[in-house]
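Engineer: Before I ask anything, let me first share the structure, which is written out below as structure tokens.
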Amino acid sequence: MNRKNKIQHSILLTVFSLVAMASFGQQGRDTTKKQTIDITSSYKPVLRNAVKINYSATHLNADTSKTVAAYNIPAQNLFYSYQPISLRPLALSQDSTLNLGLRNYLKVGFGNYSTPYVSGGFSFGDGKQSLVNVYADYVSSKGNIKNQDYAALNIKAAGSYFTEKNELYGSAGVSQQDYYLYGYDHQLHDYKKDDVLQRFQNIHLKAGFRNKDINGTGINYNPNIDINIFRNKDKVTENSFAAIVPIDKTFADAFTISVTAKADITGYTSENLDSNVKFNNNIYSLAPALIYAKPMFNIHVGVAPTWDNGKLSVFPNIYGEMKLKDRVFLLQAGYVGRFIKNSFQNLSVMNPWLQTVGLQQNTKETELYGGLKATLGSHFNFSAKASWITYRNLPFFINDTSDGKSFYISNESRVYNFRLHGDMSFISQDKFTITGGLTFNGYNGKKDNDRAWGTIPLEINGALRWWAFKQVLIKSDLLLFSGGAFLLKDGSDIKLGGGTDLSAGVEFAINKKLSAWLDVNNIFNNKYQRWYNYPVYGLNVLAGVILKF
């Protein structure tokens, strides 16, 4: 027997021996006795210590990605149209009062050259159903030269009556302006004041009717009439009636059909001449057009057949604008034409020392232009335009050959003008505004006159309005121009030296109802001549108060 078998036999013998001993012990135990459990120590149950969970706070990772929002807020700015204005012997800038919310005001003042100044404005109505505004102003001055006097009175009322869908509007006004022909040689002539008086009187009436909102037909309308009864006392009577009927309708939010009919009728009669004249000067026109407008592009295509005293001319009426990238720059171009009516009233606004005319010829104008407009940032705007203009029957002004104190008309049958115009504005809310403009006129190709008599080759203007404090308004105006050429009675010509007219003013609101003002005009005391033989006053200082109620 090997070793392995011996080990197995030993294990078996041991197991049997243990089983036999256990059985013997069980047989000898007393099973009748009740079993008990002896506790040798007290037992107290104890809960296991709780384990606290510790939280470790961590910062969120910053989001470094940038969200690009596709939006563009256009600058809320105003655009100004600069129109040439006639120069008076005393250059008084248009008043701009400090608005404190009251509807009526009275402004009075006085200055050197015996200059009283009175201006008032009154408002009536609730502004919802009706509104009427009444304005009046008066100014006069006496210069150092004999008969170098000037006076102007204007009264005007304008009102509107509103219905649910339409507005009925109208205005009425009377005006009188006294000029004196003081541009003669005072050593050779001694005229009485009444002999050189040019008293222009005008009664003006206007009425119209227009829709406030788009009606059910989608047609917009604004028919209106304009009436002027104009006189140069004891010299000229001129009555004018103009009716304009514009109508347009938009289709598919992009196309608009527009038609404008106009009749401009004038009757002219001279007085107290050796040979008085009487004639009519009438212009009729009809201007249909098709307009296509989108946010980035718009174009206006039309024609304007016009009858000038029975003679037909067909004018182009084509222009458009296109916005470039980011809508900052805008290109503009056009080819347009019109008749400029040379009524005595319109000519006297250009030159108040005009003598009585015996004939009226209207100016035919066609213009080909191109330009650029831009808005930079939120405050600055500028525009520039170049034009090639053709005039037919353009009036030039020449001093009369007797004493030189008045002007007569020399019509140019054809002349070209290369015009450059630019303007800019910087507007910061309602607290600061500065504007400026420049116009260059290059007349060429004349047929009947050697020079463009009485015209201005270059003109620069500017204006500033600054509410420096809550109650203080500072203002300034600037006019610069180069002198034009004038023909003398001996056949020679002269070129004037131009002029610079700078004015400044301030208004101070003492309280809500009372303000004080000061205006200083022609600060450089430059006695320039816009028209030959007619120097202006020079330095002029006015001061006064404004009452609001």
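Engineer: Take the Cα atoms of region 177-297, build their convex hull, and give its volume per residue in Å³. It would help to have the intermediate numbers written out before the result.
Structural biologist: Details: hull volume 21.3 nm³, N = 121.
Cα convex hull per residue, to the nearest whole number: 176 Å³.
Engineer: FRET efficiency for Ser482 and Ser313, Cβ-Cβ distance as r, R0 = 35 Å, nearest 0.05?
Structural biologist: Efficiency computed from Cβ-Cβ geometry: 0.60.
Engineer: Something else now. Can you list which of the GluC sites (Glu not before Pro) found in region 302-393 are DSSP loop residues with at most 15 other C-beta atoms within 10 Å?
Structural biologist: Working: sites: Glu321, Glu365, Glu367; in loops: none.
Listed in order of number, the matching sites amount to none.
Engineer: Just to confirm a number: summing +1 for Lys and Arg and -1 for Asp and Glu over residues other than Gly208 whose beta-carbon lies under 10 angstrom from that of Gly208, what do you get? Write down the numbers at each step before the final one.
Structural biologist: On the way: positive: Lys206, Arg210; negative: Glu167, Asp226.
So the environment of Gly208 carries a net charge of 0.
Engineer: Next question, about the same structure. Distance in nm between label sites at Phe110 and Lys489, each 7 Å beyond Cα in the beta-carbon direction?
Structural biologist: Each label point lies 7 Å from its Cα, and together they span 4.0 nm.
Engineer: Work out the count of Lys pairs in region 457-536 where the Cα-Cα distance is under 25 Å, with the pair 8 or more places apart or on different chains. Don't jump to the answer; show the numbers that get you there.
Structural biologist: Values: Lys470/Lys512; Lys470/Lys513; Lys475/Lys512; Lys475/Lys513; Lys475/Lys527; Lys489/Lys527; Lys495/Lys527.
Total qualifying Lys-Lys pairs in region 457-536 comes to 7.
Engineer: Looking only at Cα atoms, what is the convex hull volume of region 332-383 per residue, in Å³?
Structural biologist: It is 114 Å³ per residue.
Engineer: Which whole-Hz couplings ³J(HN,Hα) result when phi for each residue of region 311-325 is put into the Karplus expression 6.51 cos²θ - 1.76 cosθ + 1.60, θ = phi - 60°, listed in order with x for Gly and Pro?
Structural biologist: Once rounded to whole Hz, the list reads 9, 7, 9, 10, 9, x, 9, 10, 7, x, 9, 9, 8, 9, 3.
Engineer: Next question. Starting from the Cα-Cα distance between Glu164 and Val277, subtract it from 0.36 nm times their residue separation and give me the gain in nm to one decimal.
Structural biologist: So the chain would gain 35.7 nm between Glu164 and Val277.
Engineer: Further, regarding this structure: By what distance, in whole Å, do the Cα atoms of region 291-381 stretch along each of the three principal axes, largest value first?
Structural biologist: Sorted from largest, the Cα extents of region 291-381 read 56, 32, 16 Å.
Engineer: Using Cα positions and a limit of under 17 Å, work out the lysines in reach of Lys323, with same-chain residues fewer than 8 apart set aside.
Structural biologist: Leaving aside lysines fewer than 8 places away in the same chain, those within reach of Lys323 are Lys294, Lys373, Lys385.
Engineer: List the pairs from Lys193/Lys235; Lys212/Lys249; Lys405/Lys446; Lys262/Lys311 whose alpha-carbon separation is above 20 Å, in the order I gave them.
Structural biologist: Values: Lys193/Lys235 16 Å; Lys212/Lys249 14 Å; Lys405/Lys446 26 Å; Lys262/Lys311 16 Å.
Beyond 20 Å between Cα atoms: Lys405/Lys446.
Engineer: Still on this structure: What nm value, rounded to one decimal, do you get for the distance between Leu514 and Val301 when each label is placed 7 Å out toward the C-beta?
Structural biologist: Roughly 6.6 nm, to one decimal.
Engineer: What is the Cα radius of gyration of region 104-172 over 2.2 N^0.38 Å, N being its residue count?
Structural biologist: 1.59
Engineer: A follow-up question, please. What trypsin sites (Lys or Arg not before Pro) in region 192-228 are in a loop by DSSP, with at most 15 other Cβ atoms within 10 Å of the Cβ?
Structural biologist: For trypsin sites (Lys or Arg not before Pro) across region 192-228 that sit outside H, G, I, E and B with at most 15 neighbouring Cβ atoms in 10 Å, the list reads Lys192, Lys193, Lys212.
Engineer: I need the phi-derived Karplus couplings for region 340-354: 6.51 cos²θ - 1.76 cosθ + 1.60, θ = phi - 60°, integer Hz, Gly and Pro marked x.
Structural biologist: Values, residue by residue: 9, 7, 9, 6, 5, 4, 5, 5, 6, 5, 5, 9, x, 9, 7 Hz.
Engineer: Over 28 Å between Cα atoms, which of Lys107/Lys142; Lys206/Lys278; Lys128/Lys548; Lys142/Lys364 qualify?
Structural biologist: Cα-Cα > 28 Å for Lys142/Lys364; rest within.
Engineer: Say each of Ala172 and Tyr138 gets a label point 7 Å from the Cα, pointing the same way as Cα to Cβ; how far apart are those two points in nm?
Structural biologist: About 2.1 nm separates the two model spin labels.
Engineer: Apply the Karplus parameterisation 6.51 cos²θ - 1.76 cosθ + 1.60, with θ equal to phi minus 60°, to every residue of region 408-424 and state each ³J(HN,Hα) to the nearest whole Hz, in sequence, with x for glycine and proline.
Structural biologist: 10, 8, 10, 6, 9, 5, 7, 8, 9, 9, 8, 10, 10, 9, x, 8, 9
Where a number appears in this text, it was derived from the coordinates with a stated rule and is not lab data. Bear in mind the structure is a predicted one, so any value in this text is a computation, not a measurement. When we count neighbours, we look across all protein chains shown, and the Cβ atoms used for this are built from the backbone with ideal geometry, even at glycine.
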